[in-house]
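S.K.: There's a structure below that I have some questions on.
The values are calculated or read from the model by the stated rules, or taken from the named source; none is laboratory data. Note that the structure is a prediction, hence the values are computed from the model and not measured. All Cβ positions, even for glycine, are placed from backbone atoms using ideal geometry, and neighbour counts span all protein chains on display.
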Amino acid sequence: MAVSASTIRNIALMSHSGAGKTTLAEIILYNAKVTTRIGRVEDGNTVSDYEPEEAKRSASVQASLLRVTDGDNKLNLLDTPGYDEFLGEAIVAMRVVESAVILVAAPTGVDVGTERAWDMAQGRGLPVAFVLNKMDRENASFERCVQEIQSIFGNKCVPFQLPIGEAQSFTGLSMRRAPLAALVFKTTADPFVGKLSMFRVYRGTAKSNGEVYNPNKNQSERLSQLYFPQGNSQENVSEIVAGDIGAVGKLSSTLTGDTLCANDNRITLDGIDFTHGFYSLAVYPATQADLDKMSTSLARIVEDDPSLRFTRNPETSESLLTGMGEVQIEVALDRIKRKFGASLNVRLPVVPYRETITQITSSEYRHKKQTGGSGQYGHVVLRLEPKDRDEGFEFGNEVVGGRVPRELIPAVEKGVVNTLKEGVLAGFPVVDMKAIIYDGSTHPVDGKPIAFEIAGSQALRQGMTKAAPVLLEPVVRLYVTVPENYTGDIISDLNSKRGRILGMVPETRYTIIEAEVPHAEVQRYSQDLRSLTGGRGSYRFEFDHYEQVPQNIEQRVIDVAKQAKAESRA
């Protein structure tokens with residue numbers, strides 16, 4: 001039967017002399033039905049020791065090739081001598097194999113020949129499997145041999161089969177049935193089976209209709225039909241064993257990165273650390289019908305790709321989809337339309353500008369309303385003072401003599417605070433300012449809280465127009481990682497974006513550039529960086545502080561904000 005290169009395995013059997021390589025080869029040939037009996041070295045009737053000298057000495061003196069086939073698969077075993085005088089035979093065998101099996105006699109442990117075989121395999125860069133042989137002999141110790149192997153050859157040598165007993169009590173191998181531990185590494189929304197969770201089993205066996213536990217969610221799950229995915233199709237299976245990858249549908253609470261384990265043996269595997277991007281777009285529905293599907297479909301697509309983030313900005317009331325770049329978000333929106341039937345549009349998010357004042361000023365407002373019967377009257381005099389950046393807002397009371405009754409001061413403060421939500425320049429929130437009521441007047445009948453609330457609001461608004469108001473913009477701390485030969489282009493580009501270079505940190509093959517840049521200038525930075533570096537750069541940023549917008553830019557920002565507000569009201 002013809003075989004291909006991909007189905008051939010060439011393995012060398014190696015050990016110290018007398019560890020049992022030839023006997024192991026005989027058992028392999030017998031179990032593979034190549035022979036009808038198991039030969040014995042002592043009887044001189046083994047397949048590999050066919051030379052008279054080998055029968056005479058009951059030991060191998062040359063490398064012998066043994067062949068086992070199973071369908072299209074072929075296994076070539078090279079049984080090598082253990083005596084160091086015949087080292088050349090082992091050398092020629094090692095030259096043509098892809099891996100080595102090194103036998104260790106359990107009663108004696110690691111011998112000189114064991115170490116020599118290891119060194120030869122390591123010199124050729126071959127993977128090695130150790131076989132503990134003669135476990136039924138007197139003085140055999142599995143634990144001692146494992147400790148000896150690990151102390152000499154390293155802790156990467158780990159047992160994957162455990163014996164039942166030792167010496168006279170040895171009866172065979174123990175394959176401990178470990179309890180289930182699996183990790184969900186991908187979640188997709190399949191149009192036919194719904195939510196599909198792909199997972200790898202690290203130990204134990206996952207079975208269809210089995211009960212499992214999710215320690216990340218502290219919740220039990222029932223596995224429905226298990227699958228082996230093949231592209232966009234699935235093959236039904238009843239179980240998935242350790243080391244294999246499969247999928248299951250309709251898990252109620254499990255997400256990507258979660259562990260599935262046995263309920264009576266709970267364990268949490270290390271999750272998945274996703275790289276999150278910093279490119280955000282505001283998402284809004286194309287029609288009213290799409291609005292009903294938007295939140296659900298965005299949440300589902302983030303389950304599909306956890307490197308995406310779906311958030312809502314309470315300040316701007318925008319729904320934001322954040323990813324690595326424009327293409328990733330475009331693909332996500334295409335999938336949403338195809339899988340969930342929701343058409344969503346995108347735009348750049350509103351930059352969260354702020355407004356503040358730069359001069360001290362006073363302002364008063366007298367609110368009077370008389371329409372018959374009980375009226376409204378409130379008179380407020382405020383002093384407005386700028387505060388240092390990031391100190392926030394403060395309200396003060398310096399009224400003396402009861403000109404504004406104490407019980408009406410909270411109404412004034414309420415009117416002032418509500419007005420801070422929209423400044424006088426472009427309707428952005430007002431920060432870093434102190435408003436002090438220091439005078440005013442009231443009316444014994446018409447002096448009501450609502451009147452002082454209105455008076456406080458209008459006094460603040462009029463006062464701000466006289467206090468040299470300015471616009472503040474968010475500034476981010478930007479970290480750009482690029483190959484060293486791109487640093488000049490990156491620095492030049494950041495300078496053009498009104499950035500300030502704070503420093504550079506050289507690393508192996510890359511340089512990290514740290515800078516402060518206005519947030520408005522890096523909203524499309526993923527495209528800019530890709531264009532400058534051909535996709536070889538990466539970046540991240542975090543909010544750092546607010547600072548005043550330059551005068552040559554401020555009016556343009558104000559005009560754009562007013563136009564957007566007018567369009568939203570239309």
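S.K.: Among the candidates 476, 445, 482, single out the residue that is under 27 Å from residue 548 (Cβ atoms) and among the β-branched types (Val, Ile, Thr).
M.R.: Numbers: 445 fails: under 27 Å from residue 548 (Cβ atoms); 482 fails: under 27 Å from residue 548 (Cβ atoms).
Testing whether each residue is under 27 Å from residue 548 (Cβ atoms) and among the β-branched types (Val, Ile, Thr) leaves just 476.
S.K.: Exactly one of these conditions fails for residue 236: (1) under 30 Å from residue 342 (Cα atoms); (2) modelled with pLDDT of 85 or more; (3) out of contact with any Lys or Arg (no Cβ under 9 Å at 6 or more places or on another chain). Give me its number.
M.R.: Among (1) under 30 Å from residue 342 (Cα atoms); (2) modelled with pLDDT of 85 or more; (3) out of contact with any Lys or Arg (no Cβ under 9 Å at 6 or more places or on another chain), the lone unmet condition for residue 236 is (1).
S.K.: Sort out which residues of segment 291-309 are acidic (Asp, Glu) and touching a Lys or Arg at 6+ places or on another chain (Cβ under 8 Å), and write them in order of number.
M.R.: First, pick out the residues of segment 291-309 that are acidic (Asp, Glu): 292, 303-305.
Answer for segment 291-309, where residues must be acidic (Asp, Glu) and touching a Lys or Arg at 6+ places or on another chain (Cβ under 8 Å): 303, 304.
S.K.: Pull up segment 61-104, narrow it to residues that are hydroxyl-bearing (Ser, Thr, Tyr) and modelled with pLDDT of 75 or more, then point me to the one that is farthest from residue 124 (Cα to Cα).
M.R.: 69
S.K.: So, one more: Go through the residues of segment 193-216 one by one and say whether even a single one is at pLDDT 90 or above, acidic (Asp, Glu) and either buried (at least 20 other Cβ atoms within 10 Å of the Cβ) or at negative phi (or both).
M.R.: yes
S.K.: Of all residues in segment 107-125, which are at positive phi and within 40 Å of the chain's Cα centre (by Cα)? Before you say what the answer is, go through the steps one by one.
M.R.: We begin by selecting, within segment 107-125, every residue at positive phi; these are 109, 125.
Scanning segment 107-125 gives a single hit, 125.
S.K.: Within segment 268-294, can you find the residues that are of a type in the set (A, V, I, L, M, F, W, C), within 15 Å of residue 340 (Cα to Cα) and surrounded by 14 or more Cβ atoms within 10 Å (Cβ to Cβ)? Give the derivation first.
M.R.: Here is the first cut: in segment 268-294, the residues of a type in the set (A, V, I, L, M, F, W, C) are 269, 272, 274, 278, 281-283, 286, 289, 291, 294.
If we keep only those that are within 15 Å of residue 340 (Cα to Cα) too, we end up with 286, 289, 291, 294.
Passing the criteria: only 294.
S.K.: What number of residues within segment 213-267 satisfy the criterion of being out of contact with any Phe, Trp or Tyr (no Cβ under 9 Å at 6 or more places or on another chain), assigned to a strand (DSSP E or B) and closer than 11 Å to residue 182 by Cα?
M.R.: Looking only at that region, the number is 3.
S.K.: Looking only at residues in segment 142-170 that are of a type in the set (S, T, N, Q) and within 44 Å of the chain's Cα centre (by Cα), which one is modelled with the lowest pLDDT? Please lay out each step first, then the result.
M.R.: Of all residues in segment 142-170, those of a type in the set (S, T, N, Q) come to 147, 150-151, 155, 161, 168-169.
Now drop any that are not within 44 Å of the chain's Cα centre (by Cα), which leaves 147, 150-151, 155, 161.
Working: 147: 91, 150: 91, 151: 90, 155: 84, 161: 80.
The selected residue is 161.
S.K.: Conditions first: (1) outside any helix (DSSP H, G or I); (2) of a type outside the set (D, E, K, R); (3) touching a residue at least 60 places away in the same chain (Cβ under 8 Å). Residue 561 passes all but one, so which condition is the exception?
M.R.: Of everything listed in (1) outside any helix (DSSP H, G or I); (2) of a type outside the set (D, E, K, R); (3) touching a residue at least 60 places away in the same chain (Cβ under 8 Å), residue 561 misses just condition (1).
S.K.: Between a first residue in segment 3-16 that is at pLDDT below 75 and a second residue that is surrounded by 13 or more Cβ atoms within 10 Å (Cβ to Cβ) and part of a strand (DSSP E or B), which pairs have beta carbons less than 7 Å apart while being 6 or more apart in sequence or on different chains?
M.R.: 3/74
S.K.: Here are 403, 366, 383: which of them is in contact with a Ser or Thr (Cβ under 9 Å, 6 or more places away or on another chain), among the basic types (Lys, Arg) and not in a strand (DSSP E or B)?
M.R.: Working: 366 fails: not in a strand (DSSP E or B); 383 fails: not in a strand (DSSP E or B).
Only one candidate qualifies: 403.
S.K.: So which helices (runs of 4 or more DSSP H) stay within segment 444-545 end to end and still have 2 or more residues that are touching a residue at least 40 places away in the same chain (Cβ under 8 Å) and under 30 Å from residue 405 (Cβ atoms)? Working first, answer last.
M.R.: Values: elements: 449-466, 487-496, 525-533.
Where helices (runs of 4 or more DSSP H) fall fully within segment 444-545 and carry at least 2 residues being touching a residue at least 40 places away in the same chain (Cβ under 8 Å) and under 30 Å from residue 405 (Cβ atoms), they are 449-466.
S.K.: Let me ask you something else. Do we have residue 244 as surrounded by fewer than 14 Cβ atoms within 10 Å (Cβ to Cβ), under 21 Å from residue 213 (Cβ atoms) and at pLDDT below 90 here? Outline the logic, then answer.
M.R.: Working: surrounded by fewer than 14 Cβ atoms within 10 Å (Cβ to Cβ): no; under 21 Å from residue 213 (Cβ atoms): yes; at pLDDT below 90: yes.
Here the answer is no, as residue 244 does not meet what is asked.
S.K.: Next question, about the same structure. So in segment 346-373, with the set limited to residues that are closer than 18 Å to residue 469 by Cα and of a type in the set (Val, Ile, Thr), which one is farthest from the chain's Cα centre (by Cα)? Steps first, answer last, please.
M.R.: Kept after step one, since they are closer than 18 Å to residue 469 by Cα, are these residues of segment 346-373: 352-364.
Those still in the list that are of a type in the set (Val, Ile, Thr) too: 356-358, 360-361.
Values: 356: 39, 357: 43, 358: 44, 360: 50, 361: 52 Å.
If we take residues in segment 346-373 being closer than 18 Å to residue 469 by Cα and of a type in the set (Val, Ile, Thr), then 361 is farthest from the chain's Cα centre (by Cα).
Let's see how each residue does on (1) hydroxyl-bearing (Ser, Thr, Tyr); (2) more than 23 Å from residue 111 (Cα to Cα); (3) surrounded by fewer than 15 Cβ atoms within 10 Å (Cβ to Cβ):
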{"residue": "13", "(1), (2), (3)": "no, no, no"}
{"residue": "18", "(1), (2), (3)": "no, no, no"}
{"residue": "23", "(1), (2), (3)": "yes, no, no"}
{"residue": "27", "(1), (2), (3)": "no, yes, yes"}
{"residue": "32", "(1), (2), (3)": "no, yes, yes"}
{"residue": "42", "(1), (2), (3)": "no, no, yes"}
{"residue": "60", "(1), (2), (3)": "yes, no, no"}
{"residue": "70", "(1), (2), (3)": "no, yes, yes"}
{"residue": "76", "(1), (2), (3)": "no, yes, no"}
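S.K.: Another question about this same structure. Within segment 394-401, is there a residue that is under 24 Å from residue 561 (Cβ atoms) and out of contact with any Phe, Trp or Tyr (no Cβ under 9 Å at 6 or more places or on another chain)? Don't jump to the end; show me each part of the working.
M.R.: Step one: filter segment 394-401 for residues under 24 Å from residue 561 (Cβ atoms), giving none.
No, every residue in segment 394-401 fails to be under 24 Å from residue 561 (Cβ atoms) and out of contact with any Phe, Trp or Tyr (no Cβ under 9 Å at 6 or more places or on another chain).
S.K.: Any residue in segment 31-38 that is in a helix (DSSP H, G or I) and modelled with pLDDT under 80? Please lay out each step first, then the result.
M.R.: Taking segment 31-38 as the starting set, the residues that turn out to be in a helix (DSSP H, G or I) are 31.
Then drop every residue that is not modelled with pLDDT under 80, which leaves none.
Taking every residue of segment 31-38 in turn, none turns out to be in a helix (DSSP H, G or I) and modelled with pLDDT under 80.
S.K.: Now, a different point. Looking only at segment 215-247, which residues are of a type in the set (S, T, N, Q), within 17 Å of residue 187 (Cβ to Cβ) and within 23 Å of the chain's Cα centre (by Cα)?
M.R.: Applying the first criterion (of a type in the set (S, T, N, Q)) to segment 215-247 yields 216, 218-220, 224-225, 230, 232-234, 236, 238.
Still in the list and also within 17 Å of residue 187 (Cβ to Cβ): 216, 219, 224-225, 232, 234.
Hits for segment 215-247 are 216, 219.
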